[in-house]
Each structure stands twice: as C-alpha cells, then as structure tokens.
Amino acid sequence: MSAGRLASSLRLLADALDHARLPLDLPGRDAAAILRRDLTAQLSDYLLPRLERIDAPLLTVIGGSTGAGKSTLVNSMIGRTVSRPGVIRPTTRSPVLVHHPDDAHWFGPDRILPGLARSLQAADDVRTLQLVAEPSLPPGLAILDAPDIDSVVAENRALASQLLGAADLWLFVTTAARYADAVPWEYLRSAADRSAALAVVLQRVPPAAMTEVPAHLGQLMADRGLGDSPLFAVPETVTDDEGLLPDAAVAPIRDWLAALADDTRTRASVVLQTLQGAIAAQCRTAPEVARAVDEQSAAVAQLRADAEAAYREGVRTVGVQTADGTLLRGEVLARWHDFVGTGEFFRAVEQKIGWLRDRLLASLRGEPKQAGDVKLAVESGMEILIREEGEAAAERAATGWENDPAGRQLLAAVPGDALRRGSPDFPGQVALAIRNWQADVLELVSGEGGSKKSRARFLALGTNGVGVALMMVVFSATGGVTGVEVGVAGGTAVLAQRVLEAVFGEDAVRRLAKRAKQDLDARVEALMASELARYEAVLDQVGVRDEAADEIRAAVAAVDAARGADDPLGSEVAELTGAPGSARQLPTRPGLPAGAADGDVVEAVVITDEEGERR
C-alpha cells in the first residue's frame, strides 16, 4: 500500500474542515475554531506536502518563549547572523528558513508552507518566509526560526503554532529561569499528544546549576510523556561582538542535527514518527470540530423553528378570525346592511327567510354601488387583521431570538429593529393579496354554471352582489363574536347563504365557500412566508451546512481506514532508506559529557541519568 490512498483521504479531510463554518458565538466555539484552523493549516502546510515527498530535507523548527534566545542559537549554530535577534520585544517577526543551497528547490511556494510568500531578504511581514541558503548546513537539513509562542502580538503566536505544526522535528528552546512557564508546556504537551519528534534546549544555565536545573527539567519532561526526547543544556556564557555563542556551547546540538540529516534511515524514521503522530492527532481531534458544527447546526435549526412557529401562529390566527365571524362586524356589517336594505331584514331572519330572500333579490337590482362598498369594507377589515398579525409574528420571532445567545448575535448584526417589525413592503403586499383574492372570488362565482332560473337570479344580484354574499359565507362562523353581535353576525351569514343557495344550490354554495376560504388561507400563508423569509435569509447567510459535520466524520473514517492498511508508508520509507522503515524515538548521542562542574563550562551537554539514559 502506497501513501496515495492516505494522501487522498487527508485531502478529503482538508476539504471537509475547510468547508466547516463556526460563525455563531456558542460555548466552546472559539476553541473549536482554533482547532479547525490548526488542523487545516497542518494539512496544507505539512502533511500533504510531506506525503508527496518523503525524501525532502528534515525541517527542524526552532520554537520557544520570548527572549529564550532562539535566533541567537540559530545564528550560533550557523556561525553567522542569518536571523535577526531583537532587543525590543517581540522579536523575530518573520520566520527565517536556513537550508543548504542544493536543497533550495524543496522550499518553493508550492511545497512546504505554501500559504507563506517567499523572500530572499529580511522582512517584517509575518506572512513572508525568508529563505537563506547556507553552504555550511548539511544537505538534507533545514532550520526554521519561528516567532515567539508567547508573543504579545497575536499574529506572531498564531504563526508560531502554524510553523511548529509543519515541523518534522521540534527544537524547543527555553531558559533556566523560564522552563517551568505555563505556555511552553502547553506546546510540549501538544507535542507529546501527537508523538511529534522533539528535542529541548535549556539555555543560560548557571554553571553551578548545570546538574540540578537540567535534571529537574528532565524529570518534568519524563512525567509528561517526553522522557525519550533529547535534552540539551547550554551553560550561561557571553556572546562575541556579533552576538554569537561560543562554538563549543552549540556544537553538540549542531552535530546532533547534522548526524540526523546524514543518516538517511534515521532521518526517515524521524519524519515517519512525526507524520504518523500528526495524522493520528488529526483523526483524534477532527471529530471535535464536527461536534462543534453539529452544535452550530442545532442552534440554527432552533432559531429557524422559533421564527417559523411565530409566523405559523400568525397564519393560524388569521385563518381562525376569517372564519369565526370576527370580520362580520363594524364597518363590514354596516356596509352589508346598506347593501341588503334596512335592519328589518335581520329582525325576521328565523321566521321569514324565504320572504327576505325574495325581498333581497328585488332590492338589489340596479344597486351595484352598495355591493362595492361592502367589498371595500371587507378589504379594509382583512388588511388591518393581516397586517396586525404580521407585526405580531415579527415581534414573536424577534423575542424568541433574543432569548437565545445565537439569536441575539444575529439580531445585533441587523440594522435597527428591521426584523422586529414587518417589512416596509408588507402593507402593500397585503392590500394586493386581498384585492386579488376578491377578484378571484368574483371570477369563481361568475364561472359557476346553473339552470336558466339560477342564472337569472345571478344576473339580478350582479357579480359583485353574489361575490360579496360568498365572502359573508366564508366569514360565517360565530365562534369569535360575543353578545348582541352573535345574532347579528349569525343572521348575516344565514341570509347570505340562503341568497346564494337560491342562485347556485346548497351543494354548490358549500363547494364555492370552501374553495374561496382555501384560496384566502393560501394567500395569507404566502404573505407570512414572505415575511418569514427575512429571518431565513439571515440564517442562510450564517453559512452553517448541516452536512458539514458528517463530511468531517466520513473523511476521518477514510483516513483511519487508510492508516489501518498494512504499513501505508513503509514502501516510501524503504525506497528512501534502502531497507524497511519503522518509526522510533529520536536517539540520544552517546559519549557526550553528562554535566559540568565549574564556571569554565561553555559546552552544551546532553542530560543523562546515572545509567546513561535520557532523563
């Protein structure tokens, strides 16, 4: 099995993480966003480029705290100033990558760290990688001086984390005064969690403390899962006029790195160890991003449900009040009275329906104006009802969002109180919808067939008269009216129905009323949906995709499957080394002194225990 399947699955994971969005300020969102950023950066900066070329030079990233002497260490190992140290903090704003001239092609913009611009000159831009060709550096080894991990500049901290994530080997620099600081140990724990190849350089150790302090740091490392990582102790000493440490102080570190680069098998093993650890960490932590995406999707779904419920209630309320007799009062009722003649029609409804029907038919001939007045009154009453319910729905939806932290965030991003109120176009849309419904009611009754007798009655009433009567039937129930209005509204409905039955027949009236009410309800639902769309547009702009979390999990499963295949990287390592490759911890260099005894010590040492093993 080659690395091709593994690389393909990692590309799927990179795409899935890249498409995941975490815009809502939910608990744990910031940590998940940082994790997503770090995972995607490591995939593009290190894992994918490294999988393409296992034989690229070993990239050693020098990281550490502010003032730890990282740049001084790099310059001293090279023998000249290649990375500018600074007296004023923060130092080392731009990363500096030192390589052998023959290895220059490995560090083009399409290789490792493709997101950083390349420059051959010193730069202060954190997004520019300065390349320095150095003939004294062994081929197969590159050293990258990173910004401070605890810099006061956020960009520096983020870049330091990104560069350490792109390292084959971490060379972590600290000092005798600061080796127990919290921030460095966060990075060291991260290295341990992902089994990254790591060595630690303890600088500025007082000669009298060369036994006690390094031993204590070694014990701390062992307690935190870094017991196999080499530890170099550099005694406190003076620098020369160029700011370089004595060669003896850094020679063991330089020689150790050179030995790694010179031993192809060891170099490949270091790369393989870091690769496998980084890939395992991706599979272990990427599901945390997926869970955060799930939480974002759930928050969006809840906000959507709250808004939909608010407008659904508006549709329901209008539907009830256009069927329970609520509209059959006030101006509508007065204009209906004018239309049918006088109030005496209603005083004898129960006893003289037939007489009233005949009287009505006679009184309506040639009087279309009163029918038009009823139509206008209906239009006005319905418009007020629907507009009020639209405003109430907007208020309910906004209140629901205000009770949710994510909803408050989205409402704050909308200018003014635009979502709390109906849209500026809503009144006009309501008026148009009502007029169109009334026009459709008139068309509905005009198209209804019947006998010659019923047709004559229709012509006697006129299209407006029959249409108005049908509207009264639609508003016929009396459940929402109380007191004296019950009888009046009920009489209105009964009279209108009897008139229509005289024209079309009982079954036809029921069918026409049902169709007219369904059409009205559909128009109201469309009006409320157009108002709800404002909330939905805000949610759509959030950019949370429900399927994004599943895509991350599926990609992780694909990576796990590729990792589970027999030795997915073994063939690449074997091709590079000439023998089957296997991951192993970085070896310590035997034969180096175990400590120093007096103030004349200027040589770095590898800390060992009494049996010669690393502490």
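The values are calculated or read from the model by the stated rules, or taken from the named source; none is laboratory data. Remember, predicted model here, so these are calculated numbers, not experimental data. Note: ideal-geometry Cβ built from the backbone for every residue, glycine included; neighbour counts use all protein chains shown. SASA here: full protein model, heavy atoms, side chains in, ligands and nucleic acids out. Shrake-Rupley method; radii C 1.70, N 1.55, O 1.52, S 1.80 Å.
In order along the stretch 214-222, the phi-based Karplus estimate (6.51 cos²θ - 1.76 cosθ + 1.60, θ = phi - 60°) of 3J(HN,Hα) comes to x, 5, 5, 4, x, 5, 4, 5, 5 Hz; Gly and Pro are listed as x. Gap in Å between the Cα centre of the stretch 545-559 and the Cα centre of the stretch 178-200? With the stretch 178-200 and the stretch 545-559 each reduced to a Cα centre, they are spaced 30 Å.
So, with +1 on the Cβ of K and R and -1 on the Cβ of D and E, and no other charges, what is the size of the charge dipole of the stretch 42-160 about its Cα centre, to the nearest 20 debye?
Details: 11 positive and 13 negative charges, 48 e Å.
With Lys and Arg at +1 and Asp and Glu at -1, about 220 debye.
Among the protein heavy atoms of the stretch 1-67, carbon and sulfur supply 53% of the accessible surface, probe 1.4 Å, non-protein parts ignored. Accessible surface computed residue by residue for the stretch 1-116, with neighbouring protein chains in place and a 1.4 Å probe, gives 38 Å² per residue.
Checking the a/c ratio against 1.5 first, then a/b against b/c, what shape does the Cα gyration tensor give for the stretch 73-167? Provide the component values of the computation, followed by the final result.
Values: a/c = 1.89, a/b = 1.29, b/c = 1.46.
Oblate is the answer for the stretch 73-167, as a/c is 1.5 or above yet b/c matches or exceeds a/b.
With the simple model of a label 7 Å out from the Cα in the direction of the Cβ, ARG421 to LEU376 spans 2.8 nm.
Sort out for me the Cα centre separation of the stretch 104-133 from the stretch 284-335, rounded to whole Å. Using only Cα atoms, the two centres lie 54 Å from each other.
Decide, for the stretch 1-137, between rounded, prolate and oblate: order the square roots of the alpha carbon gyration tensor eigenvalues as a ≥ b ≥ c, take rounded if a/c falls under 1.5, and otherwise choose prolate if a/b is larger than b/c, else oblate. Oblate, since a/c reaches 1.5 and b/c is not below a/b.
Rounded, prolate or oblate: pick one for the stretch 383-455, where a ≥ b ≥ c are the square roots of the eigenvalues of its C-alpha gyration tensor, a/c under 1.5 means rounded, and failing that, prolate if a/b is larger than b/c, else oblate. Prolate, because a/c is 1.5 or more and a/b exceeds b/c.
Note on SER297: accessible area approximately 20 square angstrom, rounded to 10, probe 1.4 Å, nucleic acids and ligands left out.
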